[in-house]
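Enquirer: Take this structure first; my questions come after.
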Amino acid sequence: VQLVESGGGLVQAGGSLRLSCVAFGHTWSIYAMGWFRQAPGKEREFVSGINWDGSETYYVDSVKGRFTISRDNAKNTVDLQMNGLKPEDTGVYYCVERHSGTIATTDSMYEYWGQGTQVTVDS
């Protein structure tokens, strides 16, 4: 199983980025997916999650109304659309997969992790 993220980069405050994650090696349509982030000197934080069929989503309070998570099970992809980016959104973003259909918010509940993609928001 391999998760590969893309879409990170440098953006000005107020701008947008779209992160994408593709799963290789299996069909993930029955598993919950999500995104964690880690900023320098801070603990890793669960940003957003989506259940197996996309009917349920979760967002940490700090990104509600700005970020949108979605998945395409036919393509084995999960995306995170990030609008209205703020400097405090800066960090490495990790795509994660949980071998359960329901969302969890703790990192120990996710079995597979991508390598991470850097998001930097310049003020």
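Enquirer: If you count only protein heavy atoms and use a 1.4 Å probe, how large is the accessible surface of E88, to the nearest 10 Å²?
Expert: Per-residue accessible area (E88): approximately 110 Å².
Enquirer: Only Cα pairs under 8 Å and at least 6 apart count here; give the relative contact order of region 50-123 as a rounded whole percent.
Expert: Rounded, it is 30 percent for region 50-123.
Enquirer: Please report the accessible area of T57 (heavy atoms, 1.4 Å probe, ligands and nucleic acids excluded) in Å², nearest 10.
Expert: Surface open to solvent at T57 totals about 70 Å².
Enquirer: Taking all protein chains together and a probe of 1.4 Å, list L19, L10 from the most accessible to the least accessible.
Expert: L10, L19
Enquirer: Just need log10 I(q)/I(0) for the chain at q = 0.12, 0.15, 0.19 Å⁻¹, Debye formula, equal scatterers on the alpha-carbon atoms, no solvent, rounded to two decimals.
Expert: Calculated log10 I(q)/I(0) at the listed q: -0.37, -0.59, -0.96.
Enquirer: OK, next. For region 22-123, state which trypsin sites (Lys or Arg not before Pro) are in a DSSP loop and have at most 14 other beta carbons lying within 10 Å of their beta carbon.
Expert: K42, R44, K64, K75
Enquirer: Taking all pairs of different Cα atoms in region 11-68, averaging 1/r and flipping that mean, what Kirkwood radius in angstroms comes out?
Expert: Working: mean 1/r = 0.0751 Å⁻¹.
After inverting the pairwise mean of 1/r, the radius is 13.3 Å.
Enquirer: Probe 1.4 Å, all protein chains in place: accessible area of Y58 in Å², nearest 10?
Expert: 80 Å²
Enquirer: Once the other residues with Cβ under 12 Å from the Cβ of S6 are scored (Lys, Arg +1; Asp, Glu -1), what is the net sum?
Expert: Charge balance in the 12 Å sphere: -1.
Enquirer: By the scheme Lys and Arg +1, Asp and Glu -1, what is the net charge of all other residues having a beta-carbon under 14 Å from that of G25?
Expert: -2
Enquirer: If you roll a 1.4 Å probe over the heavy atoms of the protein chains, what accessible area per residue do you get for the chain, in Å²? Spell out each step's value before the answer.
Expert: On the way: 5970 Å² over 123 residues.
Ligands and nucleic acids excluded, the figure is 49 Å² per residue.
Enquirer: Based on alpha-carbon centroids, what's the gap between region 1-23 and region 43-68 in Å, whole number please?
Expert: So the two Cα centres are separated by 15 Å.
Enquirer: A further question follows. Order D89, D61 by their accessible area, 1.4 angstrom probe, all chains in place, largest first.
Expert: Largest to smallest exposure gives the sequence D61, D89.
Enquirer: In the chain, carbon and sulfur make up what percent of the accessible area (probe 1.4 Å)?
Expert: 48 percent
Enquirer: Then there is this: If you bin every alpha carbon distance in region 39-89 into 5 Å steps from zero, what whole percent lands in each bin?
Expert: 4, 18, 27, 22, 16, 9, 3, 0
The values are calculated or read from the model by the stated rules, or taken from the named source; none is laboratory data. The structure displayed is predicted, hence computed values, not measured ones. Here Cβ is always computed from backbone atoms with ideal geometry, including for glycine, and neighbour counts include all displayed protein chains. We work out accessible area using only protein heavy atoms, side chains counted, and drop any ligands, DNA or RNA first. Shrake-Rupley method; radii C 1.70, N 1.55, O 1.52, S 1.80 Å.
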